[in-house]
Amino acid sequence: RLRYQRHVGTLFLQGYLQGFLTKQACINILSNQPIGTFLIRFSESYPGCFAVTYRAMATNSPDAIRHYLLKADDISGPKHTIADFLGDQIALTHMLRFGQKPDGKPTITGRAPKDEILGALYAKNAPVSTADGYDTRIHTVKSFIE
């Protein structure tokens, strides 16, 4: 059973969660991508956990491709999902989308800004209803006096 399941199915079905990829396969995939490009995958070493592999600022070095293991604190609770965590990371700018070749191997089918993909999944940015005639914030007694 996978931990932290909220939005996992959506991301997987849309091709933005790439099941099992080795670290070396991720390095090969991301080595020619722009800085900030990332993918989400299942961790090889920690079953049930997710890893984010991304192209970092260190260009043309072995450190250019980095791997981050998502921790329970990163994506716990209804108000902080995988989408929220990724949205908060300014170094991660574009997500890779995957499909499958006829031989079953993964292939990149697209790259898009993360907010375009994850925006609808962000819990923090849920639209607040503002109806005509209602205040947009709660005022304190002091604010009415001023």
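The values are calculated or read from the model by the stated rules, or taken from the named source; none is laboratory data. Quick caveat, the model's predicted, so the values are computed rather than measured. Cβ sites come from the backbone with ideal geometry, for glycine too, and all protein chains shown count toward neighbours. Remember, those area values only see protein heavy atoms, side chains included, never the ligands or the DNA or RNA. Shrake-Rupley method; radii C 1.70, N 1.55, O 1.52, S 1.80 Å.
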| message | Looking at segment 89-122 only, could you name the residues that are open to solvent by 80 Å² or more (accessible area, probe 1.4 Å) and among the charged types (D, E, K, R)? | response | 97, 101, 103, 105, 111, 115, 116
| Quick one: is residue 6 over 16 Å from residue 115 (Cα atoms), at pLDDT below 85 and basic (Lys, Arg)? | yes
| note | Selection from segment 12-24 of residues surrounded by 12 or more Cβ atoms within 10 Å (Cβ to Cβ), more than 18 Å from residue 115 (Cβ to Cβ) and without any contact (Cβ under 8 Å) to a residue 40 or more places away in the chain yields 12
